[in-house]
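**Q** Can you keep this structure in mind? I'll have questions shortly.
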Amino acid sequence: MNFIRFGIIALLIVGFSSSEALAQTTGTVSVQVQDTLGSVIVGAAVTLAASDNKEKNDVTNKQGEIIFRNVAPGKYTVRVSSPNFALFENTEVIVEAGKTVEVLAMLTIQVADETVDVDSTEGVSIDSDATAGATILKGADLEFLPDDPDELAAALQALAGPSAGPAGGQIFIDGFSGGQLPPLDSIREIRINNNPFSAEYDRYG
């Protein structure tokens, strides 16, 4: 009986020693996923990619967290994706043996690029690709416009000029009128039509 007990104790000691040895030669990566308001994001897809393209994949738990254990030392990339959020990527995650590296993944709302058309003739847009008789603002040109939606709308009406008339011109967002102006940083380009005979509109004012 004493011999059997000794054998079990020996096996347990060997088992614990192996786990401790592995922990000393590998590291741990803890990823916490939140939105910009600090709320945790459950079920976000997290990828831990090594420089040799080997990957570990998992999803965040109810605490918005995922822990990758027994990670070989080296440089890694952490990518996090979740519906309606922009992709998060950190390419500078350094794992050291016996240590835990913590990564805070702050996801931002994904906003699709939009095109804003200002029609000074009050026509209805039927061809969003037409550019004849139009002034196009994009890239650095957009940096000079106000961020506030109301101020931006007023600035666009001013750019449309006197031909817009007392009622002002119509503003189209991705070909549709009556919508609320999107944030300035999500606008790809602004096209101002001053040509009442443009084929882009089905009637002239």
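**Q** Could you please rank F88, F144, placing first whichever residue has the fewest other Cβ atoms within 10 Å of its Cβ?
**A** Listing F88, F144 from fewest to most nearby Cβ atoms yields F144, F88.
**Q** Counting other C-beta atoms within 10 Å, which of I94, I187 has the fewest, and how do the rest follow?
**A** Neighbour counts put them in this order, fewest first: I94, I187.
**Q** Viscosity 1.567 mPa s, temperature 4 °C: Stokes-Einstein D of region 26-107 from its Kirkwood Cα radius, in µm² per second?
**A** Translational D for this selection: 103 µm²/s.
Any read-out appearing in this document is the output of simple, stated calculations on the displayed coordinates, not a laboratory observation. All values reported here derive from a predicted model rather than from experimental measurement. Note that each Cβ is placed from the backbone with ideal geometry, even for glycine, and that neighbours are counted across all protein chains shown.
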